[in-house]
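Each reported figure results from applying straightforward, stated rules to the coordinates on display, with no laboratory input. Here the structure is a predicted model, which means the values were calculated and not measured.
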Amino acid sequence: KALRSVLDDIEDLSETEQKLLQLARVYNSPQNIPLSPTRLDELLWLSTEQFQKQHPEFSVTLELGAMPETTDSLLVAANEPLLRLAILNLMSNACKYSPDHAVRLQAVFQENARHVISVQNNGAGIPPEEIALIFEPFYRSPRHISLKGTGIGLSLVKSILNLHQIRLSVECRESGGTVFRLTFP
């Protein structure tokens, strides 16, 4: 039991270290991060597969909208590992803060390449006064202090999306749940 506890702590520290290193990399040398053409639909499929392997206890629904006439419209300039990390983090948070531990990923593809990805859950939502704070490094909502986390994830997500010039908006629905919407340039 003690060894399992130590192993869990080591895994948590390792995950925190990786997030801090990624955050430092994005903050300190964004010009050195290579971007290449990345198919958005494939990125979402790979992210969903990876997430399900890492978190079999969570449920993911992926809904891809109508595909554009040309597959070139699906290409975005991205650092694929970083963008996938941002999407995985949003999916993980959605499941963690939802009573049904489920996330719904929706993609709307447009010919002009202003694609929109929505990451939604059925949780209690985020109070309006906390929305700006959740992207601050190490911020943890007092309502969820008992849940496992470091407060680094959404700060890292925001930095990655800024690097890619992807606009992020947060909507808390009256019926419950939160939607993180990524709008590509």
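Points worth noting:
- Principal-axis tilt of helix 80-96 within the chain, Cα atoms, nearest 10 degrees: 50
- Cα gyration tensor, the range 42-81 - rounded (a/c under 1.5), prolate or oblate: oblate
- The chain - mean residue ellipticity at 222 nm from DSSP helices (-39,500 (n - 2.57) per run, n ≥ 4, rounded to 500): -13000 deg cm²/dmol
- Global form of the range 29-118, assessed from the alpha-carbon gyration tensor, a/c cut-off 1.5: oblate
- Aspartates and glutamates with Cα under 14 Å of K96, excluding same-chain neighbours fewer than 8 positions away: E57
- 0 to 90° range, to nearest 10: angle between helix 2-28 axis and the chain longest Cα axis: 40
- Compared with the dominant principal axis of the Cα atoms in the chain, helix 40-54 is inclined by about 20°.
- The range 66-185: proportion of alpha-carbon pairs further apart than 22 angstrom, %: 34
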